[in-house]
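Below: one structure, written as structure tokens.
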Amino acid sequence: MVEPPLALLAEVTHRCPLRCPYCSNPVELARASEELSTDEWTRVFAEAAALGCLQVHLSGGEPTARRDFPQLAAAARRAGLYVNLITAGVALVPAMLDDVDHVQLSVQDSEEAGAERIGGMRGAQARKRAAAALVRGRGLPLTLNAVVHRQNLHHLPELIALALEWGASRIEVAHVQYYGWALANRAALLPTRAMLDEATRIVDAARLAHAGRLAIDYVVPDYHASRPKACMGGWARRFLAVSPTGRILPCHAAETLPMDFPNVRDTTLRAAWEGHPAFARFRGTAWMPAPCAGCEHAERDWGGCRCQAFALTGDLHATDPACALSAHHGLLADAVAEAGTDGFRPRAFS
Amino acid sequence: MTPRFAPGVRLQEDKARGRWVVLAPERMFVPDEHALAVLRLVDGARDEAAIVAALAAQFDAPAEVIAGDVRAMLADLLSRGALRDG
Ligand code: SF4
Ligand code: SF4
């Protein structure tokens, strides 16, 4: 028996008015005409709940860029899912929040000039501030999502202050993870070890200072680590993602892998999760080559991230180079040494 | 006190796994059967005494015996951020 997933990541569109250089969407963005319909998403939400998902993360791109967003949220709630909206907040209107349980609002920087340079959208910051007020005015819990990197890490204290000012009860300080657009822009985004240590010190101090008022989730970049992260809690163990065009994936980044994934237009979530070879392929530890095979950490980190392993080594089965035991671990130190440019390529439809 | 669920927190049946869970922003937990009995009575209208009375009737036990447990349980759920007072 395969354990059912806990959460569905629904990437309802790749469209977004922002152009963040670390966007987790694939470099080949899907167009509006290829997106699943309202009815198809409604079926996906019902299937996810029946399979055992308790939550849905409505994400993108910018999920509210879909004109049927309120219907999508309503369908997810009707299915019995806890609805988490992940948004850039530049076009939020009250009706979009009717069937939402929690909002995660992204900020690109604490101040307008930096936010506009990184996010690539004029006037975004004021709209985000208004979105935060709207969410709080509805009595909904708010999490600020601050993706941090070399271009904005010096504003970390101000980002934390912004979360308090905007009425968030949590802030997620997430260092960029390097796939897709972020990998292409790595030299401009990757922080130095000293920058990372300073950020960690700031987070630790802020956790103490704001205990009980603001929870801080902290995601560190594994380029400076000696062990990989347990990506998604292990391949096809807890999360299931569906792309804008209906591809069923073990993680949103898995679109970067040269693998054959099932599509909701041809099969059900249950059939994919329980029976498709792509899901079974890296589940558990049986697939692992050395040095992961037999390693005492194998059931803790599951050999790390398949997307990172493939992106950096070209081998789907390789141990994640973030692990010090990987033969490719040196690649990360090389990347850190080479980082330090300011220019980056904003995400765009090709 | 009159407990209610904190914003974004709710009790939900997890049919696939045959249990109930408390869902909250970015986290969830599985209440034990005692916490579950209390949480099912939390509706923002019943105060602590009403919850004790309802449990006393439900389990056919004296209210004095239950009251201490309910108080401790509510305090724990409050400190975990699952419930609010009033
Ligand atoms: S990371 Fe930026 S560009 Fe990508 S979806 Fe989020 S807000 Fe839009
Ligand atoms: S060798 Fe594999 S299982 Fe062991 S710590 Fe490294 S990545 Fe994890």
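Would you check which residues across the range B:1-47 are touching a residue at least 12 places away in the same chain (Cβ under 8 Å) and either basic (Lys, Arg) or assigned to a helix (DSSP H, G or I) (or both) and list them?
B:4, B:10, B:34, B:35, B:36, B:37, B:38, B:39, B:40, B:46
Output the residue which, of all residues in the range A:121-177 that are within 14 Å of chain B (Cβ to nearest Cβ) and of a type in the set (Lys, Arg), is farthest from residue A:348 (Cα to Cα).
A:138
What is the residue count in the range B:6-41 for residues that are open to solvent by less than 50 Å² (accessible area, probe 1.4 Å), hydrophobic (A, V, I, L, M, F, W, C) and within 14 Å of another protein chain (Cβ to nearest Cβ)?
Result for the range B:6-41: 8.
Among the residues of the range A:8-40 satisfying the criterion of being in contact (Cβ under 8 Å) with a residue 40 or more places away in the chain and outside any loop (DSSP other than H, G, I, E, B), which is farthest from the other protein chains (Cβ to nearest Cβ)?
By that ranking, first place goes to A:34.
Does residue A:340 meet the test of being modelled with pLDDT under 90, over 24 Å from residue A:1 (Cβ atoms) and out of contact with any Phe, Trp or Tyr (no Cβ under 8 Å at 6 or more places or on another chain)?
yes
Out of all the residues in the range A:41-87, which are open to solvent by 10 Å² or more (accessible area, probe 1.4 Å), out of contact with any Phe, Trp or Tyr (no Cβ under 8 Å at 6 or more places or on another chain) and assigned to a strand (DSSP E or B)?
A:57, A:59, A:86
I'm told residue A:94 meets every condition in (1) surrounded by fewer than 22 Cβ atoms within 10 Å (Cβ to Cβ); (2) of a type outside the set (S, T, N, Q); (3) under 30 Å from residue A:310 (Cα atoms) except one. Can you identify the failing condition by its number?
The one condition residue A:94 does not meet is (3).
Any residue at all in the range B:57-64 that's hydrophobic (A, V, I, L, M, F, W, C) and within 14 Å of chain A (Cβ to nearest Cβ)?
Checking the range B:57-64: not a single residue is hydrophobic (A, V, I, L, M, F, W, C) and within 14 Å of chain A (Cβ to nearest Cβ).
Which one of these is touching an Asp or Glu at 6+ places or on another chain (Cβ under 8 Å) and in a helix (DSSP H, G or I): A:241, A:187?
Result: A:187 is the single residue among A:241, A:187 that is touching an Asp or Glu at 6+ places or on another chain (Cβ under 8 Å) and in a helix (DSSP H, G or I).
Does the range A:112-124 contain at least one residue that is assigned to a helix (DSSP H, G or I) and under 30 Å from residue A:54 (Cα atoms)?
no
Of (1) under 23 Å from residue A:51 (Cβ atoms); (2) touching a Lys or Arg at 6+ places or on another chain (Cβ under 8 Å); (3) charged (D, E, K, R); (4) in a loop (DSSP other than H, G, I, E, B), residue A:255 satisfies all except one. Which?
With (1) under 23 Å from residue A:51 (Cβ atoms); (2) touching a Lys or Arg at 6+ places or on another chain (Cβ under 8 Å); (3) charged (D, E, K, R); (4) in a loop (DSSP other than H, G, I, E, B) applied to residue A:255, the lone miss is (4).
Between A:340, A:294, A:284, A:304, which is within 13 Å of ligand 2 (Cβ to nearest atom) and either basic (Lys, Arg) or touching a residue at least 60 places away in the same chain (Cβ under 8 Å) (or both)?
The match here is A:304.
From the list A:56, A:44, which one is more than 14 Å from chain B (Cβ to nearest Cβ), closer than 23 Å to residue B:28 by Cβ and either away from ligand 1 (no atom under 16 Å from the Cβ) or of a type outside the set (Phe, Trp, Tyr) (or both)?
Result of the check over A:56, A:44: A:44.
The values are calculated or read from the model by the stated rules, or taken from the named source; none is laboratory data. Computed from a predicted structure; not experimentally measured. As a convention, Cβ positions derive from the backbone with ideal geometry for all residues, glycine included, and neighbour counts pool all protein chains shown. When the accessible area is computed, the model is the full protein with side chains, heavy atoms only, and any ligands, DNA or RNA have been set aside. Shrake-Rupley method; radii C 1.70, N 1.55, O 1.52, S 1.80 Å.
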